[in-house]
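S.K.: I'd like to ask some things about the structure below.
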Amino acid sequence: QKEVEQNSGPLSVPEGAIASLNCTYSDRGSQSFFWYRQYSGKSPELIMFIYSNGDKEDGRFTAQLNKASQYVSLLIRDSQPSDSATYLCAVNDGTASKLTFGTGTRLQVTL
Amino acid sequence: GAVVSQHPSWVICKSGTSVKIECRSLDFQATTMFWYRQFPKQSLMLMATSNEGSKATYEQGVEKDKFLINHASLTLSTLTVTSAHPEDSSFYICSAIASGLASTDTQYFGPGTRLTVL
């Protein structure tokens, strides 16, 4: 069974700090990786996706992928209180476009 | 771009009635849509994959006769919860894959529909 693991948190970081969110996956054949942000009571919002090993940057967000270690992470620089949300890691094995979601990490950015 | 809408955003119904939820891709065509449900403090659970012009593919444990899915066009999929009961109360979210965009397997989510069955 394909699994995606995330620490449920809460992860608490002070405003302006770097938040580091981690995710591991079990299916070595996974092809694409996604980070979604979900505010309480709302639906997930795509932050970014990554396909290749290495780093991918988009504004304050950087996704990092290491397929050998089956590990994907999301860094949020200059964290803001508005970043406080649950961050979902999702993995696609490339065959049916279905995503396997982790349970999410709750991030709290404190003033 | 890649905006997905859902209607209604919330609904309250009596036990035994049926409820239809619409999912629309507003600025793109979606050959594939997905339906999820989410209980409080839990992650998303995929219910079914909806492909335009064909029958939906349901995940194990999801009753296809209870959760009717129709994907009649490239921009509309509907989920009907038949004979709803209080245990069906949940947050129902659809997503769509935007054909033709750079990332061909990125799912964009609708805002969700909160169903409460009394």
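S.K.: Per residue, what volume in Å³ does the convex hull of the Cα atoms of chain B enclose? Intermediate values should be presented prior to the final figure.
M.R.: Values: hull volume 11.4 nm³, N = 118.
Given the Cα convex hull of chain B, per-residue volume reads 97 Å³.
S.K.: To the nearest 10 square angstrom, what accessible area does B:H7 show with a 1.4 Å probe?
M.R.: 120
S.K.: Moving on. Take the solvent-accessible surface of the protein heavy atoms, probe 1.4 Å, and return the percent of it on the protein assembly as shown that carbon and sulfur atoms account for. All intermediate terms of the calculation are to be shown ahead of the outcome.
M.R.: Working: 5520 of 11020 Å².
On the protein assembly as shown, the fraction of accessible area on carbon and sulfur atoms equals 50 percent.
S.K.: Then there is this: Explain nothing, just the number: dipole magnitude of chain A about its Cα centre with +1 on each Lys and Arg Cβ and -1 on each Asp and Glu Cβ, in debye rounded to the nearest 20. Walk me through the numbers on the way to the answer.
M.R.: Numbers: 10 positive and 11 negative charges, 36 e Å.
Computed charge dipole of chain A: roughly 180 debye.
S.K.: For A:E5, tell me the accessible area in Å² from a 1.4 Å probe, rounded to the nearest 10.
M.R.: 100
S.K.: Further question on the same structure: Which whole-number value in Å² is the accessible area per residue of segment B:57-118, probe 1.4 Å?
M.R.: 43
S.K.: Specify the inter-centroid distance of segment B:1-57 and segment A:1-77, based on alpha-carbon positions, in whole Å.
M.R.: With segment B:1-57 and segment A:1-77 each reduced to a Cα centre, they are spaced 24 Å.
S.K.: Once B and A are treated as a pair rather than alone, how much accessible area drops out, both sides summed, in Å² to 100, probe 1.4 Å? Working shown, then result.
M.R.: Working: alone 6430 and 6030 Å², together 11020 Å².
Chain pair B/A: roughly 1400 Å² of buried accessible area.
S.K.: Moving on. Take the cross-link list A:K2/B:K14; A:K42/A:K98; A:K56/B:K55; A:K2/B:K55 and give me the ones stretching past 29 Å between alpha-carbons.
M.R.: Details: A:K2/B:K14 37 Å; A:K42/A:K98 21 Å; A:K56/B:K55 37 Å; A:K2/B:K55 25 Å.
Flagged as over cut-off: A:K2/B:K14; A:K56/B:K55.
S.K.: Putting +1 on Lys and Arg Cβ atoms and -1 on Asp and Glu Cβ atoms, find which of B:T113, B:A84, B:L44 reaches farthest to the positive end of the dipole of chain B.
M.R.: Of the options given, the answer is B:A84.
S.K.: Charges only on Cβ, +1 for Lys and Arg, -1 for Asp and Glu: so what's the dipole of segment B:30-89 about the Cα centre, in debye to the nearest 20?
M.R.: Numbers: 5 positive and 6 negative charges, 18 e Å.
Once rounded to the nearest 20, the dipole reads 80 debye.
S.K.: Report, please, the projected area of chain A averaged over directions, based on the convex hull of its C-alpha atoms, in nm². Could the numbers behind the result be given before it?
M.R.: Working: hull surface 26.5 nm².
For the Cα atoms of chain A, the hull's average projected area reads 6.6 nm².
S.K.: log₁₀ I(q)/I(0) of the protein assembly as shown at q = 0.11, 0.15 Å⁻¹, via Debye over equal Cα point scatterers, no solvent, to two decimals?
M.R.: -0.56, -1.01
S.K.: Roll a 1.4 Å probe over the protein heavy atoms and report the accessible area of B:K66 in Å², nearest 10.
M.R.: 30
S.K.: Using unit Cβ charges (K, R positive; D, E negative) and no other charged atoms, how large, in debye to the nearest 20, is the dipole of chain B about its Cα centre?
M.R.: On the way: 9 positive and 9 negative charges, 53 e Å.
Here chain B has a charge dipole of around 260 debye.
S.K.: Something else now. Might you tell me the accessible area per residue for segment A:1-93, computed with a 1.4 Å probe and given in Å²? Please report the intermediate quantities before stating the final value.
M.R.: On the way: 4370 Å² over 93 residues.
Dividing the accessible area of segment A:1-93 by its residue count gives 47 Å².
The values are calculated or read from the model by the stated rules, or taken from the named source; none is laboratory data. Predicted model, so just to flag it, every value in this text is computed and none were measured. Heads up, the Cβs are rebuilt from the backbone with ideal geometry, glycines too, and the neighbour counts pull from every protein chain shown. SASA here: full protein model, heavy atoms, side chains in, ligands and nucleic acids out. Shrake-Rupley method; radii C 1.70, N 1.55, O 1.52, S 1.80 Å.
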